[in-house]
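J.: One structure is given below, represented as structure tokens, and several questions about it will come after.
The values are calculated or read from the model by the stated rules, or taken from the named source; none is laboratory data. Bear in mind the structure is a predicted one, so any value in this text is a computation, not a measurement. Glycine also receives a Cβ, built like all others from the backbone with ideal geometry; neighbour counts cover every protein chain displayed.
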Amino acid sequence: MKKFLFVILLLLLTSSVFSQQKGFGVGLIAGEPTGISAKYWTSEINAFDFGLGYSFTSSKSLLDFYIDYVFHNTEWIQAEEKFIVYYGPGARVKIFKDNSRLGIRGVAGIIWVPSNAPIDIFFELAPVFDFIPETRFDFAGGVGARYFFN
């Protein structure tokens, strides 16, 4: 375990300036759902955002998967640190022990990109409209961090 932490620390300290607006990143999200978060940039302003985790809001929930296509704006928040606002449409599948739900979602969030580190830290909220097997309104969201492989 100490070797693993040392390697992570070494990567963070010896990395050059990384742009988290390209490549692929993977990390963790805590919230609804809690699990794995990933992002794949398709351009400097667009990306696919994925999540796979467990939903703690229902005792019958087994798995929660979402995918969003997000747009990024670096000019809405002017600060010394780099903050990026993102938003976009997506879809969610929530699997239960006795049935499953399919819905559309809209996500909005803020990313903090630390200088000289290949990571981002984010907070997001996503209203969800389930339409299969029945209509239902729900919320998702959380806080997380991702490591980017460039």
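J.: List, please: which pairs have Cβ atoms under 7 Å, are six or more places apart or on different chains, and start with a residue in the stretch 121-145 that is touching a residue at least 60 places away in the same chain (Cβ under 8 Å) and closer than 15 Å to Ile95 by Cβ and end with one that is surrounded by 19 or more Cβ atoms within 10 Å (Cβ to Cβ) and among the β-branched types (Val, Ile, Thr)?
T.: From residues that are touching a residue at least 60 places away in the same chain (Cβ under 8 Å) and closer than 15 Å to Ile95 by Cβ, the pairs are Ala140/Val128.
J.: Check Leu52 against each of (1) in a strand (DSSP E or B); (2) under 29 Å from Asn116 (Cβ atoms) and name the one condition it does not meet.
T.: (2)
J.: Condition (residue is out of contact with any strand residue (DSSP E or B) (no Cβ under 9 Å at 6 or more places or on another chain) and either outside any loop (DSSP other than H, G, I, E, B) or under 23 Å from Gly35 (Cβ atoms) (or both)) applied to the stretch 118-136: is it met by at least one residue? If you could, list the steps in order and put the result at the bottom.
T.: Let us first name the residues in the stretch 118-136 that are out of contact with any strand residue (DSSP E or B) (no Cβ under 9 Å at 6 or more places or on another chain), namely none.
Within the stretch 118-136 (the criterion being out of contact with any strand residue (DSSP E or B) (no Cβ under 9 Å at 6 or more places or on another chain) and either outside any loop (DSSP other than H, G, I, E, B) or under 23 Å from Gly35 (Cβ atoms) (or both)), the answer is no, since none of the residues qualifies.
J.: Another question, if that's okay. Examine the stretch 31-39 for a residue that is touching a strand residue (DSSP E or B) at 6+ places or on another chain (Cβ under 6 Å), on the phi > 0 side of the Ramachandran plot, small (Gly, Ala, Ser) and in contact (Cβ under 8 Å) with a residue 60 or more places away in the chain, and state whether such a residue exists.
T.: There is at least one residue in the stretch 31-39 that is touching a strand residue (DSSP E or B) at 6+ places or on another chain (Cβ under 6 Å), on the phi > 0 side of the Ramachandran plot, small (Gly, Ala, Ser) and in contact (Cβ under 8 Å) with a residue 60 or more places away in the chain.
J.: From Leu102, Leu5, Leu28, Leu10, which residue is over 14 Å from Glu124 (Cβ atoms) and either surrounded by 13 or more Cβ atoms within 10 Å (Cβ to Cβ) or at pLDDT 90 or above (or both)? It would help to see each step written out before you state the result.
T.: Details: Leu5 fails: either surrounded by 13 or more Cβ atoms within 10 Å (Cβ to Cβ) or at pLDDT 90 or above (or both); Leu28 fails: over 14 Å from Glu124 (Cβ atoms); Leu10 fails: either surrounded by 13 or more Cβ atoms within 10 Å (Cβ to Cβ) or at pLDDT 90 or above (or both).
Within the list Leu102, Leu5, Leu28, Leu10, the selection yields Leu102.
J.: Follow-up question, since we're still on this one. Within the stretch 72-117, which residues are touching a residue at least 12 places away in the same chain (Cβ under 8 Å), in a loop (DSSP other than H, G, I, E, B) and among the aliphatic types (A, V, I, L, M)?
T.: The answer is Ile77, Ala117.
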